[in-house]
Amino acid sequence: MLPRGRGYDAQSVRIAIVTDYYYPHLGGITEHVHGQATELTRRGHEVTVVTGNVVRPPGIVDGEIHPEDGVPFEIVRVGAALPGYGNASQTYHVVDPLLRRKLRKIFQERKIDVVHVHSPYSPILPMLGVLAAPKTAVTVGTFHSVFPRTLGFDLAAPILRRVISRLDGKIVVSEACIGSLAPYLPYEYTVIPNGIDDRHFSPEADPIPELRDGKLNILFLGRFDPRNGLDTMIGAFTEVRRRVGPEVRLIVVGDGPLRSRYQRLVPSDIANDVHWAGRVNWNRPRYYATADIHCTPCQRASFGMVLLEAMSCGRPVVASRISGFQLLMEHGKQGLLISPAENVERFAESLMYLIERPEERERMGREGRKTAVNEYAWTKVAGQLEDYYLALLEKGPGA
């Protein structure tokens, strides 16, 4: 039996993290997996990340930097990670005709104690990760998404319950997820949030010199998925630019198939005031450091990793008043929350409010940094995971 108490002082745990999403794919689950694996390894556990081979890696501006190179944990890639589309966002699904057999071999050879699967209702790799787990290991699933009720989920729910019921532990990154899950997967869930590397995402990051030229910078960062609201962002910036003049700039960090569509939304007379930075990975803190305000008119999110990154970098946030964001920040404290998410005028007014009040930007930035460090640093979140694993291991698989 493992010793009680945080830290597993007398014994490390062998953990397999199974995920469709890992570098070079960029996104919230990728960041969660990387931070989870890094911090758990630092605490003395043996961690193996099991993921797919991305067939067509996305182009990245700082692509010469690979966060996965030289990590202290093992990365095992199986099958091919093929891109798809679902829940108004880009998705990946790992396919391999021998996937279940390969997973069993990986788990058995490493004598895995904990199989931790991200998005366990997602075919194919996550579901097979649950089904291939050794009988001697406890299985944990983390659910990351909010989604509307659909006919597809209605039809798939009985099959999904057969998989999810085999999990020994069920985690959600925020209470916002439970409302989506409850009609289909009515189980007991524990909230353990996303974490942040507060040393990397820091106010001390070096800004981009050519963009610190005296203009006030508004930052949008995210994939060009429709639900992320870049069209609303461009509309709000257009109004702000009309009022403020050329002393304000919009920096857009991200990319996707809809890039040309979004670029056409920018009026030609202010096109020079919108900087399209492209898809950025490791250097994201530098863009937060370059920004005066971070803005995200996202329409659907369970948590809001870009908000947390901006807050950790000490930047005020203007964001949609959606469930995942309201659980992370408070209106008037770390930034401003706007409803509805598609309201261009309200986003423009809120941006103007902060543009005209530098002291408010400073205050909100300090509050955001404090929240990120005190509540969401990986050093804290990994401790919650350790305690959760220990409780399950003491009960035993299937308890």
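Observations on the model:
- Per the listing SER202, SER180, SER174, the residue uniquely out of contact with any helix residue (DSSP H, G or I) (no Cβ under 8 Å at 6 or more places or on another chain) and either farther than 30 Å from GLY63 by Cβ or polar (S, T, N, Q) (or both) is SER180.
- Long-range neighbours under 7 Å by Cβ, at least six apart or interchain, first residue of a type outside the set (Val, Ile, Thr) within segment 72-85, second surrounded by fewer than 16 Cβ atoms within 10 Å (Cβ to Cβ) and modelled with pLDDT under 90: ALA80/VAL55; ALA81/VAL55; LEU82/VAL55
- Screening THR48 on (1) at pLDDT 95 or above; (2) assigned to a helix (DSSP H, G or I); (3) within 29 Å of ASP198 (Cβ to Cβ); (4) in contact with a strand residue (DSSP E or B) (Cβ under 8 Å, 6 or more places away or on another chain) shows it passes everything except condition (2).
- The listed residue being farther than 24 Å from ASP198 by Cβ and buried (at least 16 other Cβ atoms within 10 Å of the Cβ), out of LEU354, LEU385, LEU392: LEU392
- Residue match in segment 122-132 (condition: in contact with a Gly (Cβ under 7 Å, 6 or more places away or on another chain) and surrounded by fewer than 16 Cβ atoms within 10 Å (Cβ to Cβ)): no
- Test for LEU385: is it over 27 Å from ARG227 (Cβ atoms), assigned by TED's automatic domain parsing to the domain that holds ILE112, within 19 Å of the chain's Cα centre (by Cα) and not in a strand (DSSP E or B): yes
- One residue stands out among those in segment 121-143 that are polar (S, T, N, Q) and at pLDDT 95 or above: the one that is farthest from VAL50 (Cα to Cα), which is THR136.
- Residue that is farthest from the chain's Cα centre (by Cα) [pool: residues in segment 52-71 that are free of Cβ contacts under 8 Å to residues at least 12 places away in the same chain and more than 20 Å from GLY278 (Cα to Cα)]: GLY70
- Number of the exception - PHE201 against (1) within 20 Å of MET329 (Cβ to Cβ); (2) in a helix (DSSP H, G or I): (2)
- When GLU309, GLU345 are checked against the criterion of being part of a helix (DSSP H, G or I), surrounded by 16 or more Cβ atoms within 10 Å (Cβ to Cβ) and touching a residue at least 40 places away in the same chain (Cβ under 8 Å), a single residue qualifies: GLU309.
- Output for segment 281-306, where each listed residue is of a type outside the set (Val, Ile, Thr) and in a strand (DSSP E or B): HIS294, CYS295
- Pairs, first more than 16 Å from ALA310 (Cβ to Cβ) and not assigned by TED's automatic domain parsing to the domain that holds GLN36 in segment 352-377, second part of a helix (DSSP H, G or I) and not hydrophobic (A, V, I, L, M, F, W, C), C-beta under 7 Å, six or more apart: MET352/ARG243
- Note on segment 112-129: among residues that are part of a helix (DSSP H, G or I) and free of Cβ contacts under 8 Å to residues at least 40 places away in the same chain, the one that is farthest from TYR187 (Cα to Cα) is LEU128.
- Taking each residue of segment 136-156 that is assigned to a strand (DSSP E or B) and looking for partners that are exposed (fewer than 12 other Cβ atoms within 10 Å of the Cβ) with beta-carbon atoms closer than 8 Å, six or more apart or interchain, yields VAL138/GLY396.
- Identity of the residue in segment 1-20, modelled with pLDDT of 95 or more and of a type outside the set (A, V, I, L, M, F, W, C), that ends up farthest from ALA382 (Cα to Cα): ASP20
- So GLU204, is it modelled with pLDDT of 95 or more and either charged (D, E, K, R) or under 18 Å from the mean Cα position of the chain (by Cα) (or both): yes
- Of all residues making up segment 257-280, the number that are buried (at least 18 other Cβ atoms within 10 Å of the Cβ) and part of a loop (DSSP other than H, G, I, E, B): 3
The values are calculated or read from the model by the stated rules, or taken from the named source; none is laboratory data. Note that the structure is predicted; figures quoted are calculated from it, not measured. For neighbour counting, all protein chains shown are included, and Cβ atoms are generated from backbone atoms with ideal geometry for every residue, glycine included.
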